[in-house]
Amino acid sequence: MKVSDLRRHEDVREGRVAKDRAYAVEADRLALAGAVSVAVVRYRSECGLTQTAFAAEMGWKQPQVARLERGDVTPSWETLERLARAGVIEVHLGRQGTIVRELASA
């Protein structure tokens, strides 16, 4: 099978959300965690940082970075604020929900 024959994650997710209410609820609950996860992984990758090095920059231990990158637990407001102050993300709260925007790396 060619990579081009594979379905995109977004397409699979949309189909599942449309068909499975429980999945849709869980996906919505974890949307913020997933967005933060992607932002942290991308930031580390672009900066050439290991989880341990990134943790040291943030004043954390490596397991905290691993938990964030798993994307299965919603980060605390303190964590979001720390990531924002470090220039990893911007967080916007509004009527439509919480929006996480990745910031350019180094």
### Query
When you go through (1) surrounded by fewer than 12 Cβ atoms within 10 Å (Cβ to Cβ); (2) at pLDDT below 95; (3) of a type outside the set (Lys, Arg); (4) not in a loop (DSSP other than H, G, I, E, B) one by one for Met1, which number turns out not to apply?
(4)
### Task
Select from the range 52-89 the residues that are under 12 Å from the mean Cα position of the chain (by Cα) and among the charged types (D, E, K, R) and write down the one among them that is most open to solvent (accessible area, probe 1.4 Å).
Arg70
### Task
Could you tell me whether the range 31-50 includes any residue that is out of contact with any Pro (no Cβ under 7 Å at 6 or more places or on another chain), in a loop (DSSP other than H, G, I, E, B), at pLDDT below 90 and exposed (fewer than 11 other Cβ atoms within 10 Å of the Cβ)?
no
### Summary
Across (1) surrounded by fewer than 14 Cβ atoms within 10 Å (Cβ to Cβ); (2) at pLDDT 95 or above, Arg8 clears everything bar (2)
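The values are calculated or read from the model by the stated rules, or taken from the named source; none is laboratory data. These figures come from a predicted structure and were not determined experimentally. Every residue, glycine as well, gets a Cβ built from its backbone with ideal geometry; the counts of neighbours run over all protein chains shown. Calculation scope for accessible area: heavy atoms of the full protein, side chains included, ligands and nucleic acids excluded. Shrake-Rupley method; radii C 1.70, N 1.55, O 1.52, S 1.80 Å.
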